[in-house]
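> Okay, here's the structure, questions in a sec.
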Amino acid sequence: MTNAKSTVRAGIVGSGFAARFHLEALRKVYGVTVEIAGVYSPTAAHCEAFAGRHGLTAFTGLSALIDQSDIVHVCTPPSTHERIGVEVLGRDKYVVIEKPFTGYFGDGDKRFSGDLFDRKTGLDRAKASIGNLLDAEAKSAGLICYAENWVYAPGIQKEKEILEKSGAQIIWMHGEEAHSGSHSPFYGIWAHSGGGSIMGKAVHPLGAVLYLKQVEGMAAQGRPIRPATVSARVHAVTRSKQFKDLGYIKTGYTDIEDFGAMHIVFEDGMLADVFASELVLGGVHNWIEITANNHRTIVNINPNDSMKSYNPKGSQFDDIYVVEKIETKEGWANISPDEDWYTGYQNEIQDFCRCAATGAMPQCNSTLAADTILTVYAAYCSAAENGREMKVPSR
Ligand SMILES: NC(=O)c1ccc[n+]([C@@H]2O[C@H](COP(=O)([O-])OP(=O)(O)OC[C@H]3O[C@@H](n4cnc5c(N)ncnc54)[C@H](O)[C@@H]3O)[C@@H](O)[C@H]2O)c1
């Protein structure tokens, strides 16, 4: 810690949903003094409103924000991550990139459709985008911090300790991220999101399973155990003519899947199954189960039952936050008393600020980010052939 900075200046790009939870977590960091440099997003009115609400400086350009920051948080749509990330790294600053890391967002043609493009082209172009970010990192005095909060969820970090101290081999993991549909107007459009349920949701449990095999590999042999192959299926259920819409599940996606399943085989022959969908009622359904040769672990990120509350009349809880995306506050609810902690947001931002101060490597770094996206786009290639096993390319 001799050359450690005692103060880290953090800039935020984007003024939407993710910008808010990054800011809240930044304000709770301990051990390193964090100064919030300010916020930049392209719609001046939104940027100023966000800055005004939170007492921040609103920047009118990205470049000026980077100048005033040691670490820049990229809380913008996935299609913008590569360009902003490369610019920040080019200025020798740390960059926090929200999930999904990067991807393929079409060829710029207005007629581009996520339903129709060649998946092999998608994989090649996503790989090129990853390459651009990794090259920029290699030349930079900064580092990529990949904001996959599942890695930092307390249950996943406890499992890390179990793996390291017990010398376990993970045999099979299965996990899911699902809820009843994203309300972001851009979410259902491939050119903005780079994919559907697999890209937007499965990346979370996928990030966790890849991370845990990395941890096992580092403990056992000093190098991560990488994903070797993936088989996948995707479906557009709510766009199907046979879907009976009763109004509870969000519909209206343009050209993305709303259900995805991935089966992953690791280099050591061990397995993981990851599910994601926009089809599940009852709030966010985020869980992972780990079957090892010496123990078994179940991590419930959401819902979990650390607090349950029964409310006979929904309106009593109108101004009380209960838990993410729950459809009703009436009846029994699994209240999340500190959701940002359970979901890993707080530990994640703590690690990134500590790394920006000390130069240490974040636990969730560009290696994991790259493997996640390579697995996702290999999965799309597999799904195009109804689940044929595909090699996950090397970085
Ligand atoms: N880890 C999580 O749990 C989690 C949750 C939500 C969102 N996210 C991720 O965070 C990112 C942002 O999602 P969100 O929900 O906050 O979206 P949002 O639509 O709420 O906000 C996006 C912001 O980015 C800004 N923006 C758009 N284009 C830009 C550009 N070219 N340069 C600078 N700013 C630009 C917009 O003005 C807006 O302020 C996405 O990658 C998303 O997947 C992660």
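> Give the residue list of GluC sites (Glu not before Pro) in segment 252-298 that are DSSP loop and have at most 15 other beta-carbon atoms within 10 angstrom.
GLU267
> Taking every pair of distinct Cα atoms and averaging 1/r, then inverting, what Kirkwood hydrodynamic radius in Å comes out for segment 56-210?
Here the Kirkwood hydrodynamic radius works out to 17.5 Å.
> Grab every C-alpha pair in segment 193-327, bin the distances at 10 angstrom width from 0 up to the longest one, and report whole percents.
Result returned by the calculation: 10, 32, 29, 21, 7, 1.
> Where the convex hull is taken over the Cα atoms of segment 1-110, what is its projected area averaged over directions, in nm²?
Working: hull surface 31.4 nm².
That works out to 7.9 nm², a quarter of the Cα hull's surface.
> OK, next. If you average the C-alpha positions of segment 221-278 and of segment 76-96 separately, how far apart do those two centres end up, in angstrom?
27
> P(r) of segment 283-380 in 5 Å steps, Cα pairs, percent per bin?
Going out from 0 Å in 5 Å bins, segment 283-380 shows 2, 10, 14, 14, 16, 16, 12, 8, 6, 2, 0 percent.
> Same structure again: So which chymotrypsin sites (Phe, Trp or Tyr not before Pro) in segment 1-64 pass both tests, a DSSP loop state and at most 12 other Cβ atoms within 10 Å of the Cβ?
Those satisfying the criteria are TYR30.
> Okay, next question. First check a/c for segment 29-92, with a ≥ b ≥ c the square roots of the eigenvalues of its C-alpha gyration tensor; if it is under 1.5, answer rounded, and if not, answer prolate when a/b is larger than b/c or oblate otherwise.
Judged from the Cα gyration tensor, segment 29-92 comes out oblate (a/c at least 1.5, b/c at or above a/b).
> Between GLU327 and SER394, what is 0.36 nm times their sequence separation minus the Cα-Cα distance? Round to one decimal in nm. All intermediate terms of the calculation are to be shown ahead of the outcome.
Details: separation 67, 0.36 × 67 = 24.12 nm, distance 4.14 nm.
20.0 nm is the gain from fully extending GLU327 to SER394.
> Could you tell me the center-to-center distance, by alpha carbons, between segment 130-172 and segment 292-350 in angstrom?
24
> Would you mind pulling out the separation of the Cα centroids of segment 194-210 and segment 1-62, in Å?
26
> Still on this structure: Take the alpha carbon gyration tensor of segment 17-63, find the square roots of its eigenvalues, order them as a ≥ b ≥ c, and report rounded if a/c is under 1.5; if not, report prolate when a/b exceeds b/c, else oblate. Display every interim value, and only then the final one.
Numbers: a/c = 2.30, a/b = 1.79, b/c = 1.28.
The shape class here is prolate.
> A 21 angstrom limit on the alpha carbon distance is what I want to check against. Which of LYS160/LYS213; LYS5/LYS160; LYS244/LYS308 exceed it?
Violating the 21 Å Cα-Cα cut-off are LYS5/LYS160; LYS244/LYS308.
> Quickly estimate the mean residue ellipticity at 222 nm for the chain, helices only: each DSSP H run with n ≥ 4 gives -39500 (n - 2.57), and the total goes over all residues, rounded to 500.
Using -39500 (n - 2.57) per qualifying helix, the result is -10500 deg cm²/dmol.
> Hey, with R₀ at 51 Å, roughly what FRET efficiency would ALA128 and THR57 work out to, going by the Cβ-Cβ distance, to 0.05? Please list the in-between numbers first.
Numbers: r = 35 Å, r/R0 = 0.69.
My answer for the efficiency is 0.90.
> So, one more: Sticking with the crude label model, points 7 Å out along Cα→Cβ, report the distance from GLU164 to THR7 in nm, one decimal please.
According to this spin-label approximation, the distance is 3.2 nm.
> GNM, the chain, Cα, under 10 Å: largest mean-square fluctuation among VAL32, VAL274, VAL203?
Residue with maximal mean-square fluctuation among VAL32, VAL274, VAL203: VAL32.
> Now for a different question. Taking the inverse of the average 1/r across all pairs of different Cα atoms in segment 119-230, what Kirkwood radius in Å do you get? Before the final figure, lay out the partial values.
Working: mean 1/r = 0.0610 Å⁻¹.
Here the Kirkwood hydrodynamic radius works out to 16.4 Å.
> Please report ASP371, ASP70 as a ranked list, fewest other C-beta atoms within 10 angstrom at the top and most at the bottom.
ASP70, ASP371
> Taking only C-alpha pairs under 8 Å that are 6+ residues apart, what is the relative contact order of segment 278-330 in percent?
It rounds to 39 percent for segment 278-330.
> Just in segment 228-309: which trypsin sites (Lys or Arg not before Pro) are loop by DSSP and have at most 14 other Cβ atoms within 10 Å?
Working: sites: ARG233, ARG239, LYS241, LYS244, LYS250, ARG296, LYS308; in loops: ARG239, LYS241, LYS244, LYS250.
Passing sites in segment 228-309 are LYS241, LYS244.
> Below 8 Å, C-alpha to C-alpha, sequence gap of six or more: please give me the relative contact order for the chain in percent.
Dividing the mean separation by the residue count of the chain yields 20 percent.
> So which residue, out of ASP118, ASP318, ASP135, gets the largest mean-square fluctuation from a GNM of the chain using Cα contacts under 10 Å as springs?
Result: ASP318 has the largest fluctuation of those listed.
> Oh, and also: When the chain is treated as a GNM, springs tying every alpha-carbon pair under 10 Å, which of GLY194, GLY167, GLY38 comes out with the largest mean-square fluctuation?
Taking springs between Cα atoms under 10 Å, the residue moving most is GLY167.
> Roughly speaking, what % of Cα-Cα pairs in the chain are separated by over 36 Å, rounded to a whole number?
Above the 36 Å cut-off, the chain has 21 percent of its Cα pairs.
> For segment 66-198, what does the relative contact order come out to in percent, with C-alpha contacts under 8 Å and a separation of six or more?
Computed over segment 66-198, the figure is 31 percent.
Computed from the coordinates by the stated procedures, all read-outs in this text should not be read as laboratory data. Keep in mind it's a predicted model, so treat the numbers as computed, not measured. Neighbour counts run over all protein chains shown; Cβ positions are idealised from the backbone, glycine included.
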